[in-house]
Amino acid sequence: MPALRTSAIFLISTVCIAQAFTQIGSFTFSALLPIFFTEWGITHTEAGWLSGIIFLAYAMSVPFILPLTDRIDPRSVYMCFVTLTSLSHLGMAFTAEEFWGGLVFRMFAGIGWGGTYMVGLKALADLIEGPKQSRAVAFHAGSIGAGGALSFLIAGYAAEHLDWQTAFMISALGSFIALIIMIICVPGRKPTPQTEASNPFAFRTVLKNKSAMAYAIGYCVHTWEMFTLRSWVVAFLVFTAAQGEQPNFFIPTVIAMLMELIGTTMSIIGNEIAIRIGRRRWIFIVMISSMVFSALIGFSAGFGYGVAAMICLIYNALIYADSAALTAGTVGNAEPGRRGATLAIHAMLGYGGGFVGPLALGVILDALGGETIMNWGIAFSHVALIMMLGPIVMRILKPKELPGDRPSP
């Protein structure tokens with residue numbers, strides 16, 4: 001067992017499996033959003049807050065959590081926060097009864113996510129060095145998608161056959177299983193010794209790393225786009241179905257589950273393409289393509305449920321296509337002794353965007369007067385404007401490729 005625990009394949013597999021179990025509760029609320037409109041009587045703006053607060057809490061917590069992993073074993077940090085994640089889901093199941101209670105427990109879930117997602121990645125990156133590291137990052141990003149797929153699937157099943165509280169109880173169980181996996185299967189590791197006494201929360205050196213910052217800014221607009229779609233896709237497809245064409249098996253939560261599975265695959269494939277054609281070139285291509293779909297998706301509700309669902313699947317695949325490539329770019333360009341601090345900036349920017357995006361869409365819908373085909377189209381189109389920043393930053397800062405990448409022009 002000791003020899004097995006140090007093999008690259010075993011380490012990548014166990015950390016990714018633990019992360020998938022942790023993420024089972026990541027989109028439970030988004031999958032159940034139509035139910036909360038009815039049961040809690042929330043507005044679209046309040047739905048945006050409940051969808052986005054988890055990402056705001058994540059963004060606000062990681063600057064304090066991740067730098068500690070340059071001084072403390074990331075595995076220990078992970079175990080503390082995956083416990084918090086489990087408790088937050090139990091709070092939603094047994095305590096939350098209206099908007100403000102839900103907001104509190106969604107905030108705790110965001111802090112838990114802040115102490116597991118990038119912390120788990122940091123633990124993996126510390127254990128896997130060299131050319132395998134980029135692929136380890138890609139598989140780790142893929143495990144997030146796998147957990148997200150289960151989140152939509154389980155929540156949809158529970159809502160139809162049981163109740164929404166049970167969905168959150170299952171989410172709590174998933175986080176507890178992740179805790180057990182990390183305790184039993186993942187070895188601890190002493191952090192990289194510091195050559196000089198320094199403040200782990202001093203981010204100035206990280207901000208001067210142009211390559212890491214370019215990928216982190218790209219990740220910000222990418223995550224804005226990703227979580228806007230993830231948070232609202234079920235509500236959007238429920239609205240689309242209400243226009244006339246009723247789905248059979250491919251109900252909104254099943255489409256959302258398929259989006260996560262396809263996205264997981266595309267994230268891994270996208271990183272491989274980035275290695276072969278150049279990381280900067282690939283990210284540029286993907287971002288320009290996804291801008292087109294962000295301007296189309298909301299208006300697709302007028303073409304029937306089947307068309308809208310297909311566009312959601314294609315658009316989501318494009319969004320994921322540069323996800324691992326961006327994160328691997330940041331990890332690969334980080335100084336080893338400041339990898340935690342670098343990932344903190346990366347995560348803070350990314351999930352800051354992840355908070356604002358879903359909230360912005362909800363505010364736009366309310367400002368326009370509610371859900372209509374035109375209003376959905378305008379609301380989703382705001383993402384295209386935000387996405388323009390990504391290609392501009394890639395062109396100006398020209399971040400470094402990683403070892404093994406084909407140079408971009």
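The values are calculated or read from the model by the stated rules, or taken from the named source; none is laboratory data. Keep in mind that this is a model prediction, so the values were computed, not measured. Note: ideal-geometry Cβ built from the backbone for every residue, glycine included; neighbour counts use all protein chains shown.
A few remarks follow.
So that you can scan it fast, the table gives a plain yes or no per residue for (1) closer than 23 Å to residue 363 by Cα; (2) surrounded by 21 or more Cβ atoms within 10 Å (Cβ to Cβ):
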{"site": "40", "(1), (2)": "yes, no"}
{"site": "55", "(1), (2)": "yes, yes"}
{"site": "62", "(1), (2)": "no, yes"}
{"site": "70", "(1), (2)": "no, yes"}
{"site": "85", "(1), (2)": "no, yes"}
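- Against the test of being modelled with pLDDT under 85 and aliphatic (A, V, I, L, M), the options 273, 251 yield a single qualifying residue, 251.
- Consider the stretch 67-89 and keep the residues that are in a helix (DSSP H, G or I) and in contact with a Pro (Cβ under 9 Å, 6 or more places away or on another chain). The one that is farthest from residue 346 (Cα to Cα) is 75.
- Taking the stretch 284-315 as the range and being in contact (Cβ under 8 Å) with a residue 60 or more places away in the chain, out of contact with any Pro (no Cβ under 8 Å at 6 or more places or on another chain) and within 22 Å of residue 216 (Cβ to Cβ) as the test, the residues that pass are 290, 291, 294.
- Of all residue pairs spaced 6 or more apart or on separate chains, those with beta-carbon atoms under 9 Å, a first member in the stretch 206-235 that is under 21 Å from residue 63 (Cα atoms) and a second member that is assigned to a helix (DSSP H, G or I) and among the aromatic types (Phe, Trp, Tyr) are 220/351; 223/55; 223/351; 224/355; 227/55; 227/351; 227/355.
- The stretch 91-118 - residue that is β-branched (Val, Ile, Thr) and in contact (Cβ under 8 Å) with a residue 12 or more places away in the chain and, of those, farthest from residue 53 (Cα to Cα): 116
- Count - residues of the stretch 220-238 that are modelled with pLDDT of 90 or more and in contact with an Asp or Glu (Cβ under 9 Å, 6 or more places away or on another chain): 2
- Unique residue being within 21 Å of residue 110 (Cα to Cα), surrounded by 22 or more Cβ atoms within 10 Å (Cβ to Cβ) and either in contact with a strand residue (DSSP E or B) (Cβ under 7 Å, 6 or more places away or on another chain) or at pLDDT below 80 (or both) when the list is 340, 332: 340
- Set side by side, the residues 30, 51, 61 differ, and just one is in a helix (DSSP H, G or I), modelled with pLDDT of 80 or more and farther than 20 Å from residue 155 by Cα, which is 61.
- Looking across the stretch 212-243, the residues that are of a type outside the set (A, V, I, L, M, F, W, C) and either within 12 Å of residue 361 (Cα to Cα) or part of a helix (DSSP H, G or I) (or both) come down to 215, 218, 219, 222, 223, 225, 228, 230, 231, 240.
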